[in-house]
Amino acid sequence: MNTITTALGTDRARRPRAALTVLLTAAVAVGAPFYLAPFQVFQLTMVLLYAVALAGLNLLVGFGGQISLGHGAFFAAGAYTTAVMLDRYDTGHLATLPVAAAGCFLLGLGFGVPALRLRGLYLALVTLSFAVFLPPLLKRLEPVTGGSMGLTVDKLQPPAWSGLAEDQWMYFVVLAVTAVALLLARNLLRSRVGRALLAVRDNESAAEVMGVRLSLHKTLAFAWSAMFAGVAGCLYTWVIGFVSPDSFSFVLSITLLAGLVVGGLGSLYGPLLGAAFVMYVPSVSQDLSEAAPGVVFGLLIITVMFVAPTGLAGLPGRVLGAVARRLPRTTTTRAPIPEAAPAPDAEPESRAESGPPVTLTPADPAVVDAEPVGAPPRTEKE
Amino acid sequence: MTDLLQQVVEGLGSGAVYASLALALVLIYRFTGIVNFAQGELAMLSTYVAWQLVASGMPFWLALPVTLAVSFAGGMLVERIVIRPVQGAPELTVVIVTVGLFIFVNALAGLIWSFTVKDFPQPFPDGGLDLAGVRVDWSALGIIGVVAVVMGLLYLLFQHTSTGLVMRAVAGNPASARLSGIRVGRVLMLGWGLAATVGAVSGVLVAPVLFLEPNMMGGVLIYAFAAATLGGFDSPVGAVVGGLFVGVAETLTGAYVGVIGADLKVGVPLVIILAVLLVRPQGLFGRAAVERA
């Protein structure tokens with residue numbers, strides 16, 4: 001929570017430095033395609049595009065506290081909307097972006113309604129089964145989607161006046177869209193909506209008492225998040241020029257979540273780092289073996305959750321914090337606290353000091369569980 | 001009519017497999033309040049162990065108990081190494097850790113045994129019974145029989161042994177159990193071991209039908225989720241009833257609803273999960289959780 005408030009807080013003293021950072025980043029981002037090989041430019045483009053999807057997922061998971069294992073499905077919906085519009089209606093590329101965004105927003109709104117009732121793992125179940133169901137559905141709708149052969153459409157072409165190569169032009173277009181999307185996500189989080197989301201994540205009941213409309217904000221969080229995924233899908237079609245059901249298997253959804261977790265949940269820079277991770281780790285480790293990316297991903301997710309729940313983005317802060325804590329400790333040796341020593345029977349639930357700041361309450365769920373048999377049915381809080 | 005019965009029998013056969021994986025999910029949920037997204041992958045890994053044993057010349061019915069023992073130990077190990085550190089952490093953390101385990105185990109199997117499809121020996125003889133025109137394969141009967149035996153053994157364990165009593169105590173109230181001198185950590189390990197064993201049974205049973213490959217259990221897991229949701233995530237009986245229902249519903253929908261057909265059958269669990277959660281979130285046999293904010 002602390003890290004988020006500092007990330008979101010408009011700290012006036014840091015303005016000039018922040019502005020400098022932004023300028024430098026922008027300069028590097030604009031200059032990069034002129035110094036890199038086309039293939040590297042393409043990879044960067046993909047990183048940016050994944051960052052949009054991850055920023056959306058971050059809204060939902062990192063700030064909304066809801067779990068989606070099906071964001072690949074919204075990504076696919078955006079990609080297919082774009083491909084079908086280009087293929088059948090020949091609308092031109094720019095027109096597809098708002099349609100894909102709006103379509104996915106509505107789709108997310110539709111999924112947000114069950115999300116009101118489904119908390120935590122149930123939402124994960126539903127979204128996962130949706131992600132599993134989508135590829136066969138796309139194959140079935142052959143007249144529109146081209147079935148398992150997929151659809152091949154025109155890539156984004158550079159206009160003559162720009163004098164840019166195809167990969168460079170695509171990079172700049174995607175860069176612009178990504179910049180707008182990330183800015184939108186950031187401003188959304190600093191607005192009333194963002195504060196309401198954080199309140200809901202941290203304590204639903206308290207948020208409701210404070211006057212936050214739970215149903216509205218949970219649904220909206222899902223819709224916004226789906227919209228970002230849809231935009232990323234649209235960019236994907238622009239860049240790749242080909243969609244097929246097998247590109248959007250539920251592995252994509254899981255990869256997106258994995259990237260976000262490694263990049264940093266609830267952080268504004270997490271999506272960018274996570275996107276780089278999603279793009280480069282498979283392409284680097286694929287050379288070793290087909291299974292290597294999965295092994296790396298799986299191990300990293302578990303490790304990150306154990307030792308650095310704030311992900312890569314939170315790592316510098318955590319390291320600095322740990323160092324700062326360590327410094328005074330060398331002078332004042334902490335006396336061992338007698339009651340902290342566990343009974344020989346008790347399980348060593350206390351973990352290493354570097355562990356995540358989650359409070360371990362092993363007995364807590366039981367208190368809730370131990371209800372009399374004739375207890376009234378679950379009260380839905382809406 | 002005969003045709004319908006035939007479909008129902010086939011549905012029960014696959015339903016029994018879903019039931020056993022759902023049973024594994026429910027066992028873990030009861031003990032730790034965790035839905036283990038890696039359950040199917042652990043079962044797949046166990047199946048590979050069985051395959052390896054059979055491929056190295058061991059007879060199937062000897063390889064099976066060895067596999068189950070390995071799975072039991074593996075499940076205990078997973079609890080101790082991967083799950084214990086996040087026990088009691090927010091739900092999001094736990095779900096993400098099990099998803100990480102899912103990805104890891106899936107890739108690990110691919111790394112060791114490659115992604116090529118392997119033939120798994122059918123432990124039951126060919127042919128079957130003919131009951132008034134309905135053909136019941138020995139394999140379907142065998143699967144249902146094995147799952148029934150597993151259910152029976154679990155029932156005996158939980159209701160008629162002191163270990164079972166201790167386990168129920170931990171599932172009911174870990175704090176009180178710990179205060180009365182039960183080593184909760186060990187019981188949780190035992191619970192995960194049991195779940196992994198039950199899951200392994202489902203993997204071994206389904207492998208001859210689906211063929212063995214690292215992604216084999218992905219689809220089965222979705223059906224098992226639907227089964228557990230339908231039966232109630234805290235009810236073992238519900239898991240079995242739910243599994244059989246989902247199996248039959250899946251087969252009948254695939255056979256008789258033309259629009260859906262064989263390729264869209266995987267939408268059935270999605271519909272079941274959504275319907276149950278919207279109408280009766282605690283499932284058929286589950287107990288409604290009352291929350292104190």
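If only residues of the stretch A:119-141 that are crowded, with 19+ Cβ neighbours inside 10 Å and of a type in the set (Gly, Ala, Ser) are counted, the one that is farthest from the chain's Cα centre (by Cα) is A:SER129.
Here the stretch B:155-173 is the region considered, the condition is being within 14 Å of chain A (Cβ to nearest Cβ) and more than 21 Å from B:VAL78 (Cβ to Cβ), and the residue that is surrounded by the fewest Cβ atoms within 10 Å (Cβ to Cβ) is B:GLY172. Residue count for the stretch A:51-110 satisfying the condition of being small (Gly, Ala, Ser), out of contact with any helix residue (DSSP H, G or I) (no Cβ under 6 Å at 6 or more places or on another chain) and under 30 Å from B:THR93 (Cβ atoms): 2. Selection over the stretch A:132-159 of residues that are under 30 Å from A:LEU175 (Cβ atoms), more than 10 Å from every other protein chain (Cβ to nearest Cβ) and in contact (Cβ under 8 Å) with a residue 24 or more places away in the chain gives a count of 10. Within the stretch B:1-60, restricting attention to residues that are aromatic (Phe, Trp, Tyr) and out of contact with any Phe, Trp or Tyr (no Cβ under 7 Å at 6 or more places or on another chain), the residue that is surrounded by the fewest Cβ atoms within 10 Å (Cβ to Cβ) is B:PHE60.
Residues of the stretch A:39-72 that are in a loop (DSSP other than H, G, I, E, B) and among the polar types (S, T, N, Q): A:GLN66, A:SER68.
Here the helices (runs of 4 or more DSSP H) wholly within the stretch B:192-293 that include at least 1 residues being more than 9 Å from every other protein chain (Cβ to nearest Cβ) and within 15 Å of the chain's Cα centre (by Cα) are B:216-231, B:236-256.
Within the stretch B:80-105, being among the aromatic types (Phe, Trp, Tyr) and more than 7 Å from chain A (Cβ to nearest Cβ) holds for one residue alone: B:PHE102. The single residue among B:SER176, B:SER114, B:SER180 that is over 17 Å from the mean Cα position of the chain (by Cα), on the phi > 0 side of the Ramachandran plot, hydroxyl-bearing (Ser, Thr, Tyr) and within 14 Å of chain A (Cβ to nearest Cβ) turns out to be B:SER114. Note on the stretch A:225-341: enclosed helices (runs of 4 or more DSSP H) holding 1 or more residues that are surrounded by 12 or more Cβ atoms within 10 Å (Cβ to Cβ) and at pLDDT 85 or above are A:250-263, A:270-285, A:292-307.
Scanning the stretch A:301-316 for residues that are within 8 Å of chain B (Cβ to nearest Cβ) and hydrophobic (A, V, I, L, M, F, W, C) gives A:ILE301, A:ILE302, A:MET305, A:PHE306.
The values are calculated or read from the model by the stated rules, or taken from the named source; none is laboratory data. Being a predicted model, the structure only gives us computed values, none of them experimental. With ideal geometry, Cβ positions are generated from the backbone for all residues, glycine too; neighbour counts draw on all protein chains shown.
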